[in-house]
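> For reference, the structure I am asking about is given below.
Derivation of every value follows stated rules applied to the coordinates shown; laboratory data play no part. Because the structure is predicted, anything quoted here is derived from the model rather than measured. Note that we place each Cβ from the backbone using ideal geometry, even for glycine, and neighbour counts take in every protein chain shown.
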Amino acid sequence: NAGVTQTPKFQVLKTGQSMTLQCAQDMNHEYMSWYRQDPGMGLRLIHYSVGAGITDQGEVPNGYNVSRSTTEDFPLRLLSAAPSQTSVYFCASGASPRGIYEQYFGPGTRLTVT
Amino acid sequence: GQQVMQIPQYQHVQEGEDFTTYCNSSTTLSNIQWYKQRPGGHPVFLIQLVKSGEVKKQKRLTFQFGEAKKNSSLHITATQTTDVGTYFCAGQAAGNKLTFGGGTRVLVKP
C-alpha cells in the first residue's frame with residue numbers, strides 16, 4: 001500500500017494563479033482532510049470529507065475549494081493564490097465509523113506564493 | 001470555536017532526563033490523539049485516548065486523559081536523541097473535526 005500520496009511536493013505560484021493540490025489514499029478510508037501548517041505553527045483544518053460526495057469546511061476554508069467524487073481522491077483547489085497561502089499543506093485520511101480515529105498523513109506539499 | 005492549547009511551546013531537555021508536555025481544550029472532548037512530527041516530516045500518529053482518566057504507555061512514553069476530558073499530558077522518561085521533534089495533541093469535540101494544538105518542540109542536548 002502506498003498510503004496517502006500528495007502531488008506536487010513543491011510548488012511556486014504567482015499571486016492570482018490557481019492550482020490544484022492532489023491527494024490520494026489506497027486504504028479505503030472514509031474520512032479525508034486537508035490541513036495547512038505555517039512555519040513553527042500547528043496544523044489548521046481547511047476542509048474535510050466523511051465520504052464520497054460529502055465535504056465540509058474546517059477552521060480556515062476561505063480561498064480553497066474541495067470535492068470528493070471518489071473514496072480515494074480528495075483534491076484541494078486554490079482559487080486565486082495569495083502570499084498568505086504560502087504554507088505546507090498536508091492531506092490526511094482515516095477510518096471513521098463513528099468518531100475520528102488514527103489519521104494517516106501524506107508527505108506534504110510545500111507551496112510558495114510570490 | 002474549539003481551541004486546543006499546548007504548553008510548553010519549546011522544551012529543551014538534557015539526554016536522560018524526563019519531561020512532560022500538556023494539552024488543554026476549551027471544550028469537552030470525545031477523544032484526544034497525539035502525533036509526532038520530525039523536522040521536515042509529516043505528523044505520525046502515536047496514540048488515541050477515549051475514556052475519562054485513561055492512561056496508556058508506549059515504552060518510555062506515558063499518555064494521560066483528564067477526568068473531565070478537557071486536558072491531556074504526555075510524559076517522556078529518559079529522553080533520547082530520537083525523541084527530537086514536535087509533539088502535537090489533537091482533540092475531537094462534537095462533529096467530525098479534529099483540532100490540533102500548537103505543538104511542543106522538543107530539543108535534546110546530548
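> Any idea what the relative contact order of segment B:16-110 is, in percent, if you count C-alpha pairs under 8 Å spaced at least 6 apart?
That works out to 33 percent.
> Peptide B:26-38: average number of partner chain Cβ atoms within 10 Å per residue?
2
> Rounded to the nearest 0.05, what FRET efficiency do A:A82 and B:Q3 have when you use their Cβ-Cβ distance and R0 = 22 Å?
0.30
> Report the calculated FRET efficiency for B:Q58 and A:A2 (r = Cβ-Cβ distance, R0 = 22 Å), to the nearest 0.05.
It comes out at approximately 0.25.
> Among B:L98, B:S73, B:L61, flag the residue with its Cα farthest along the positive direction of the charge dipole of chain B, charges on Cβ as +1 for Lys/Arg and -1 for Asp/Glu.
Result: B:L98, furthest along the dipole toward the positive end.
> Here is a follow-up. Report, as an integer, the average count of C-beta atoms from other chains found within 10 Å of each Cβ along A:54-60.
2
> Over the alpha-carbon set of segment B:1-66, divide Rg by the Kirkwood Rh and report the Rg/Rh ratio to two decimals.
Reported Rg/Rh (Cα atoms, Kirkwood Rh): 0.96.
> Next question. Just from the alpha-carbon atoms, what are the Rg and Dmax of the protein assembly as shown in angstroms?
17.5, 51
> Given +1 on the Cβ of Lys and Arg, -1 on the Cβ of Asp and Glu, and no further charges, what dipole in debye does the protein assembly as shown carry about its Cα centre, rounded to the nearest 20?
180
> Please compute the average number of Cβ atoms from other chains found within 10 Å of each residue's Cβ in peptide B:40-49. Working shown, then result.
Working: counts 4, 3, 12, 10, 4, 7, 1, 1, 5, 0.
Across B:40-49, the average partner-chain Cβ count within 10 Å equals 5.
> Now for a different question. Per the Cauchy relation, a quarter of the hull surface: what is the mean projected area of the convex hull of the alpha carbons in segment B:54-110, in nm²?
Details: hull surface 18.8 nm².
About 4.7 nm², averaged over all directions.
> Would you kindly derive the ³J(HN,Hα) couplings of segment B:59-69 from the backbone phi angles with the Karplus curve 6.51 cos²θ - 1.76 cosθ + 1.60 (θ = phi - 60°), listing them in order in whole Hz, with x for Gly and Pro?
6, 8, 9, 10, 10, 9, 10, x, 4, 8, 6
> Between A:E72 and B:T27, what is the spin-label point distance in nm, taking each point 7 Å from the Cα along the Cα→C-beta axis?
3.5
> Report the normalised scattering of segment A:1-60 as log10 I(q)/I(0) at q = 0.18, 0.30 Å⁻¹, calculated by the Debye formula with identical scatterers on the alpha carbons.
At q = 0.18, 0.30 Å⁻¹ the computed log10 ratios are -0.84, -1.27.
> Going 7 Å from the Cα of B:N96 along its beta-carbon direction, which residues of segment A:63-94 have the amide nitrogen within less than 16 Å of the resulting point?
A:66-75, A:92-94, by backbone N distance to the label point.
> Using per-residue counts of other Cβ atoms within 10 Å, averaged over each peptide, order A:53-61, B:40-48, A:1-9 from highest down.
Ranking the peptides A:53-61, B:40-48, A:1-9 by packing returns B:40-48, A:53-61, A:1-9.
> Cβ neighbours within 10 Å, averaged per peptide: list B:32-38, A:68-74, A:99-105 in order, most packed at the top.
Per-residue mean Cβ counts within 10 Å order the peptides as B:32-38, A:99-105, A:68-74.
> Indicate, rounded to the nearest 5 percent, the antiparallel portion of the DSSP beta bridges found entirely in the protein assembly as shown.
90
> Would you mind estimating how fast segment A:31-114 diffuses translationally, via Stokes-Einstein at 4 °C and 1.567 mPa s with the Kirkwood radius over Cα pairs, in µm²/s?
Taking Rh from Cα pairs, D becomes 98 µm²/s.
> Taking the inverse of the average 1/r across all pairs of different Cα atoms in segment B:9-110, what Kirkwood radius in Å do you get?
With all distinct Cα pairs of segment B:9-110 included, I get 13.7 Å.
> Here's another thing I want to ask about it. Quick one: if you stick a label point 7 Å off each Cα along the C-beta vector at B:K51 and A:N62, how many nm between them?
4.4
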